[in-house]
1. Roughly how large, in nm² to one decimal, is the mean projection of the convex hull of the alpha-carbon atoms in the stretch 31-72?
2. By per-residue mean of other Cβ atoms within 10 Å, what is the highest-first order of 38-45, 59-66?
3. Would the stretch 1-70 count as rounded, prolate or oblate if I go by the C-alpha gyration tensor, calling it rounded below 1.5 in a/c and otherwise prolate when a/b exceeds b/c, oblate otherwise?
4. So if I place +1 on the C-beta of Lys and Arg and -1 on the C-beta of Asp and Glu, and nothing else carries charge, what would the dipole magnitude of the stretch 31-72 be about its Cα centre? I want it in debye, nearest 20.
5. Please give the length that would be gained between S22 and D35 if that part of the chain were fully extended, namely 0.36 nm times their separation in residues minus their C-alpha to C-alpha distance (nm, one decimal).
Amino acid sequence: MTNPILGPLADEITQTRGVIASAVTLINGFAARLDAAVQTALANGATELELAPFTELEAALETDRNALAAAVAANSEPGPTPESAARRR
């Protein structure tokens, strides 16, 4: 029998982890496609000045990816171990 409190919490955590993984994949995919497009444009004669808005978008994606990683890390601290929980009693 599933714990009525912990069961739904575990389900929510599983869903959240799936959303985070999807977001990381999406951001990485955007960044890779954008970088490939910029490199192709440069190879075909575009100037860095012409592509500046796109390189700014690349930087913004990197910032967003880092912010997401930091948020996940900040909220992923391990919970109490059975030993530390027992000491609190």
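1. 2.8
2. My ranking of the peptides, most packed first, is 59-66, 38-45.
3. Prolate.
4. Numbers: 2 positive and 7 negative charges, 32 e Å.
The dipole of the stretch 31-72 has a size of about 160 debye.
5. Details: separation 13, 0.36 × 13 = 4.68 nm, distance 1.98 nm.
So the chain would gain 2.7 nm between S22 and D35.
Readers should treat all values here as calculations from the given coordinates under stated rules, not as data from a laboratory. What you see is a predicted model; the values in this text were computed from it and never measured. Using ideal geometry, Cβ is built from the backbone for each residue, glycine included, and neighbour counts are taken over all protein chains shown.
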